Amino acid sequence: MMTRLKASLLAFAVLAASAGFAVAQEADQPKPPEQNWSFHGVFGRFDQAQLQRGFQVYREVCSNCHRLSIPFRTLEDQDGPGYSEAQVKALAATYQVTNDEPNDQGKIFQRPGTPADTFPPPDAFPNDQAAAAALGKAPPDMWLLAKSIKYERGFPWFITDVFTGYQEDGTDLIYGVLTGYTHKDDPQWNLYYPGHRIAMPMPLQDGAVKYTDGTPDTVQNYAKDVAAFLTWAAEPTMMERKRIGFRAIVFLIVLSVLMYLVKKRIWADAH
Ligand code: HEC
């Protein structure tokens with residue numbers, strides 16, 4: 001009896017200490033606030049209008065520095081931004097891309113993009129070295145950004161996340177960084193960037209992008225929309241994965257019921 005009490009007390013002490021540790025860590029590196037994402041959970045879906053607004057923010061602001069290594073054609077994804085073939089063709093043609101093969105004179109040449117081409121690097125920064133020389137650090141390629149950046153969830157979240165299906169840590173962190181420039185006099189101080197000093201100067205201002213669907217032109221909305229867009233870009237097959245996951249669960253439930261009935265039947269005969 002006594003040892004059991006001691007064990008419980010010990011377990012409690014360990015839990016309390018790790019919680020305290022997590023809190024101490026947070027004080028230095030706050031967690032970005034969790035947003036309500038339309039694509040959260042098993043039934044979550046991308047919001048097409050939001051992805052289109054997010055792409056607009058990427059195109060008008062982020063693409064000045066960040067590369068996005070996806071083919072134009074992916075923007076036709078019906079689970080994603082869902083642009084028409086004609087829209088994507090017209091969009092691709094507004095970019096100049098480097099042809100894979102040299103011309104008859106052996107010269108590498110530029111031509112207008114086609115849907116099969118990948119977004120070219122920003123005009124100002126043809127490569128990472130050029131960007132790092134100008135900005136102090138090279139801006140990461142945005143293709144996988146939403147999956148590659150993470151923050152410490154800490155105790156007890158890393159346990160509860162398994163049950164709530166929380167997977168939007170990269171998305172929340174992008175939103176957090178974009179809205180985390182809270183020192184008005186210092187455009188490179190960021191609440192959610194490790195160490196608080198970020199090489200990216202505050203990229204968004206209210207009104208900088210003109211939405212055409214009536215969504216207010218605020219930093220919060222730009223940040224939310226572009227974070228959603230980048231989440232889709234990093235995992236365009238997310239909807240498919242969720243559909244398959246859901247079917248697998250339904251299948252397992254049906255299978256369990258059948259097995260139960262079979263078992264009952266077999267044992268009924270045995271009696
Ligand atoms: C003026 C150039 C510039 C613009 C415009 C810009 N960025 Fe950046 N961005 C950078 C640089 C440079 C870094 C690397 C910062 C660092 O690691 O200190 C960066 C880093 C980031 C990070 C942090 C990645 C990490 O490692 O945690 C995110 C998120 C990000 N950018 C998103 C965006 C989004 C979204 C936009 C458009 C709304 C945007 N950026 C516009 C230059 C830019």
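Between region 64-134 and region 194-271, the alpha-carbon centres lie 28 Å apart.
Can you tell me how region 74-149 classifies by the Cα gyration tensor, rounded, prolate or oblate, using a/c under 1.5 as the rounded cut? Oblate, since a/c reaches 1.5 and b/c is not below a/b. Pairs exceeding 32 Å between alpha-carbon atoms, taken from K107/K210; K147/K184; K184/K242: K107/K210; K184/K242. Overall, the anisotropy analysis places region 144-271 in the prolate class: the square-rooted eigenvalues a ≥ b ≥ c of its C-alpha gyration tensor yield a/c not less than 1.5, with a/b exceeding b/c. For a Förster distance of 22 Å, can you work out the FRET efficiency between the beta-carbons of A90 and D47, rounded to the nearest 0.05? Working from the Cβ atoms, E equals 0.40.
Computed from Cα positions, the angle between helix 2-28 and the longest principal axis of the chain comes to roughly 10 degrees. Largest GNM mean-square fluctuation among V61, V14, V219, using the chain with Cα springs under 10 Å: V14. Relative to the longest principal axis of the Cα atoms of the chain, the long axis of helix 48-60 makes an angle of roughly 40 degrees. Against the chain, whose longest principal axis comes from its Cα atoms, helix 219-234 is set at around 80 degrees. Using the Cβ-Cβ distance between E34 and A134 with R0 = 41 Å, the FRET efficiency computed as 1/(1 + (r/R0)^6) comes to roughly 0.75. Of L204, L255, the sequence from fewest to most neighbouring Cβ atoms within 10 angstrom is L255, L204. Of the residues M202, M259, the one with the fewest other Cβ atoms within 10 Å heads the list, and the complete ranking is M259, M202. Using 14 Å as the cut-off for backbone N distance, which residues of region 85-100 belong to the label zone defined by a point 7 Å from the Cα of D123 along Cα→Cβ? In region 85-100, the label zone of D123 (backbone N under 14 Å from the point 7 Å along Cα→Cβ) covers 94-97.
Amide H contacts of V97 (H built 1.01 Å from N, in plane; Pro and chain starts excluded): R111, G113 sit under 5 Å, all sequence-distant by 5 or more or on other chains.
Tell me whether the chain comes out rounded, prolate or oblate; compute the Cα gyration tensor, take square roots of the eigenvalues as a ≥ b ≥ c, and use a/c under 1.5 as the rounded threshold.
Taking the square roots of the gyration eigenvalues as a ≥ b ≥ c, the chain is oblate.
Each reported figure results from applying straightforward, stated rules to the coordinates on display, with no laboratory input. These figures come from a predicted structure and were not determined experimentally. We place every Cβ from the backbone using ideal geometry, glycine too, and count neighbours over all the protein chains shown.
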